[in-house]
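Values quoted throughout were computed directly from the atomic coordinates according to the rules given, and no laboratory measurement underlies them. Keep in mind the model is a prediction, meaning the values are calculated, not measured. Note that each Cβ is placed from the backbone with ideal geometry, even for glycine, and that neighbours are counted across all protein chains shown.
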Amino acid sequence: MIDFRQALPDELDLLKNFLFEHGPNPWNYLPEDGINKTFFLITNKQGEALIAYDGETIIGLAIFFYPSALPENFQQYAHSQPAIYIAEVVVHNDYSGRGIGSQLLNEIITKAPSFNATKILLDRHEENAASAGMMRKAGFVEICTLSDLDRRHSGSRKTTVLGFDIGR
């Protein structure tokens, strides 16, 4: 039985290790300083880490920022609406392909109104088929694709930005 809950403050180091163990692939951009900033936002209550677990085993992690912490480069896609930004969705290697990522996204969608968010934004490497399927399954729609040479070092080197409008 897979359950979901907000991560506890004393689990953040464990979750950072989980992210570095199960997140790296040719499509993900996971610089240590960026991940440290992400966890700093969680510690300062500007975002949350949501975990999926099976018994005692953490099998998935999603990190999102509250509308007050929406990254500047995503504000243009929010169109002045309060928006949540999903920074990371990572599934344990042994559990990939089972819909856990989509379930984590759906958990965030369910929580979004409690943060007065009307939109949820996220991004992925243009060619990341697994992420594309997970996001499409959860109802996210592509907004645009742009060249992203600083963050993307493989394939097309492009980022696709996606959105979900709350209440559709």
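One table, with the values for the structure above:
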item: Placed amide H near TYR85: partners under 5 Å, 5+ positions off or other chain; result: PHE65, LEU121
item: Average silhouette area of the range 84-168, convex hull of alpha-carbon atoms, in square nanometres; result: 5.8 nm²
item: Full-stretch length increase - VAL141, MET1 - with 0.36 nm per residue and alpha-carbon distance subtracted; result: 47.5 nm
item: Environment charge of GLU127, counting only residues whose C-beta is closer than 11 Å and scoring Lys/Arg +1, Asp/Glu -1; result: +3
item: Sequence-distant lysines (8 or more away, or on other chains) whose Cα lies within less than 16 Å of LYS111; result: LYS45, LYS119
item: Karplus-derived HN-Hα couplings along the range 74-87 (A = 6.51, B = -1.76, C = 1.60, θ = phi - 60°), whole Hz, x at Gly and Pro; result: 9, 4, 4, 7, 7, 6, 6, 9, x, 10, 8, 10, 8, 7
item: FRET efficiency estimate (nearest 0.05) - Cβ-Cβ, ARG157 to LYS45, R0 25 angstrom; result: 0.15
